[in-house]
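The values are calculated or read from the model by the stated rules, or taken from the named source; none is laboratory data. Being a predicted model, the structure only gives us computed values, none of them experimental. All Cβ positions, glycine included, derive from the backbone under ideal geometry; neighbour counts span all protein chains shown. SASA here: full protein model, heavy atoms, side chains in, ligands and nucleic acids out. Shrake-Rupley method; radii C 1.70, N 1.55, O 1.52, S 1.80 Å.
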Amino acid sequence: MHKRMTREEAEASIAGLHRKIERYAELAVKKGASVQPGQELVINAPVERADFARLLAKKGYDAGAGHVTVIWADDAVARLEYEHMDVSYFENVPAWKREQLNSLAADGATFLHVRGNDPNALTNIDPKKLALRARAQSTQCDVYRDGLDFGKNAWSIAGAPVAAWAKRVFPDASEYEAMYRLWDAILVAARADGPDPQAEWERHNATFEKNKRMLNEHSFDRLRYYSANGTDLEVGMNPGHRWMGGACRTVDGVVFFPNIPTEEVFTSPDCKRINGVVRSVLPLVYAGNVIQDFWLRFKDGKVVEYDALQGKDVLRSILETDERSCMLGECALVAKDTPIRQSGLLYYDTLFDENASCHLALGTGFPECLDKGLSMSKEELMAHGVNQSTTHVDFMIGADDLEITGITHAGDEVPVFTDGRWSWSID
Ligand code: ZN
């Protein structure tokens, strides 16, 4: 039986989280953005969470940042812009905005992005405007984009609640109670609810290192997925594929965590060698729409048949986004005993939801998951099996009984996942 909280009780409960939120802010600044002495720290945050942005700025200076810049974001103003400006406006990033991001990146800043969005902020906005803006930002803010993509600048994304998001995750609670419950859920998901989150993340990263080492040493030819719900899928691996996950390193050797939370070890499979059937185990949220209980059948890399109990037309629009959005760009391994999975929550945000379960992604793959991939053109990447597409959509397939077997080039079979968990011991 769940008793509803009054506004006073909910606000007192949020106040009671203060020490944990402070340690979480330190985690985001020191382990996430990994701010170095004298360095510029750029915080991008929703205005609605100004309290948390100010806390991050203080923790940044405490950690030795040379200067802290805060860039404010607001879903409501962003929506107004999309509603009132013509399509052509989104073809270009304003010069001052380009200069802002490019010059901060060129000066060697580290970027901390606070994610807290209304999941419905952009529903019914012309998708052409969204696509144009995304393209303009990646081509015109090129120094910034390259800095992040090629390891010149450290960066991190961490969550913080805003009211509309909290109400979507906890629709039956009052706004105040939903805010408290989402803060609590974010801290648990981020492994920041204990006495020493930074030490906890050191331990957490050691398990990433072990899992990546095991997978990279085997350098499997393919993985076979099997579970009683109907999943029976073979996923080919590219020669020279690399498993990634956990901490990253800049070209200068600074270690940082791009995502807080993160639970996945992932690579880009050979997009031409995917065969069999895979069934979803969690709802897929796409642009505010929910697709539920669906399956896909692959033949030589392409989806040739599919169905969904709910949202089949949305699933079709994903598969038909472009020529290669019906092919896989990512396969990621996540054990079923992670805090996010155990919370049983749907967060309506990929930063959290993709860490709930083993998943696959339709659409574009990652050049860094292939030996020398970062110096290849799109055509070369595709020729080497790394899919290239304008979209990337994760969906969850980690059933509780999931078995994954790695098959080596010599034909040996190695258990990778047993009953939804890593088959080898973690320590
Ligand atoms: Zn992923």
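Some values worked out for this structure:
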item	result
Enumeration of residues in segment 89-119 that are part of a loop (DSSP other than H, G, I, E, B), out of contact with any Cys (no Cβ under 7 Å at 6 or more places or on another chain) and open to solvent by less than 60 Å² (accessible area, probe 1.4 Å)	Pro94, Gly108, Ala109, Gly116, Asp118, Pro119
Segment 262-276 residues that are touching a residue at least 60 places away in the same chain (Cβ under 8 Å), paired with ones that are open to solvent by 20 Å² or more (accessible area, probe 1.4 Å) and more than 16 Å from the ligand (Cβ to nearest atom) (beta carbon under 7 Å, 6 or more apart)	Lys272/Asp300; Arg273/Arg222
Residue list for segment 266-293, filter: open to solvent by 20 Å² or more (accessible area, probe 1.4 Å), within 16 Å of the ligand (Cβ to nearest atom) and more than 20 Å from Leu215 (Cβ to Cβ)	Val281, Leu282, Val285, Tyr286
Scope segment 355-372; condition open to solvent by 20 Å² or more (accessible area, probe 1.4 Å) and within 11 Å of the ligand (Cβ to nearest atom); matching residues	Phe366
Residue in segment 85-105 that is small (Gly, Ala, Ser) and either outside the structural domain of Ala166 (by TED's automatic domain parsing) or touching a strand residue (DSSP E or B) at 6+ places or on another chain (Cβ under 9 Å) (or both) present	yes
Checking Leu122 against (1) part of a loop (DSSP other than H, G, I, E, B); (2) open to solvent by less than 40 Å² (accessible area, probe 1.4 Å), the condition it does not meet	(2)
Qualifying residue in segment 195-211 (condition: surrounded by 22 or more Cβ atoms within 10 Å (Cβ to Cβ) and not in a helix (DSSP H, G or I))	no
Conditions (1) open to solvent by 50 Å² or more (accessible area, probe 1.4 Å); (2) assigned to a helix (DSSP H, G or I); (3) of a type outside the set (A, V, I, L, M, F, W, C): number failed by Pro37	(2)
Extreme residue, most open to solvent (accessible area, probe 1.4 Å), among residues of segment 379-408 that are away from the ligand (no atom under 16 Å from the Cβ) and in contact with a helix residue (DSSP H, G or I) (Cβ under 9 Å, 6 or more places away or on another chain)	Thr390
Only one of Ser227, Ser219 that is open to solvent by less than 20 Å² (accessible area, probe 1.4 Å), more than 14 Å from the ligand (Cβ to nearest atom) and either hydrophobic (A, V, I, L, M, F, W, C) or over 22 Å from the mean Cα position of the chain (by Cα) (or both)	Ser227
Top-ranked residue in segment 237-260 [being open to solvent by 10 Å² or more (accessible area, probe 1.4 Å) and among the β-branched types (Val, Ile, Thr); ranked as farthest from Phe208 (Cα to Cα)]	Val251
Subset tally (residues that are modelled with pLDDT of 95 or more and within 19 Å of Leu296 (Cα to Cα)) for segment 325-362	13
Matching option when the condition is surrounded by fewer than 19 Cβ atoms within 10 Å (Cβ to Cβ) and out of contact with any strand residue (DSSP E or B) (no Cβ under 7 Å at 6 or more places or on another chain), among Glu263, Glu320, Glu234	Glu320
The lone exception for Ala308 - which of (1) assigned to a strand (DSSP E or B); (2) touching a residue at least 40 places away in the same chain (Cβ under 8 Å); (3) farther than 30 Å from Ala154 by Cα it fails	(2)
Single condition Glu330 does not satisfy, out of (1) among the acidic types (Asp, Glu); (2) in a helix (DSSP H, G or I); (3) closer than 15 Å to Leu223 by Cβ	(2)
Test result for Leu296, of a type in the set (A, V, I, L, M, F, W, C), part of a strand (DSSP E or B) and either more than 16 Å from the ligand (Cβ to nearest atom) or within 24 Å of Thr262 (Cα to Cα) (or both)	yes
Val304 assigned by TED's automatic domain parsing to the domain that holds Ser227 and within 16 Å of the ligand (Cβ to nearest atom)	no
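Yes or no, residue by residue, for (1) in the same structural domain as Ala121 (by TED's automatic domain parsing); (2) among the charged types (D, E, K, R); (3) more than 12 Å from the ligand (Cβ to nearest atom):
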site	(1), (2), (3)
Thr321	no, no, yes
Gly329	no, no, no
Val334	no, no, no
Asp353	no, yes, no
Ala410	no, no, yes
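So that you can scan it fast, the table gives a plain yes or no per residue for (1) modelled with pLDDT of 90 or more; (2) under 20 Å from the mean Cα position of the chain (by Cα):
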position: Leu132; (1), (2): no, no
position: Gly147; (1), (2): yes, yes
position: Ala158; (1), (2): yes, yes
position: Ala166; (1), (2): yes, yes
position: Val169; (1), (2): yes, yes
position: Ser174; (1), (2): yes, no
position: Glu177; (1), (2): yes, no
position: Arg191; (1), (2): yes, yes
position: Gly194; (1), (2): yes, no
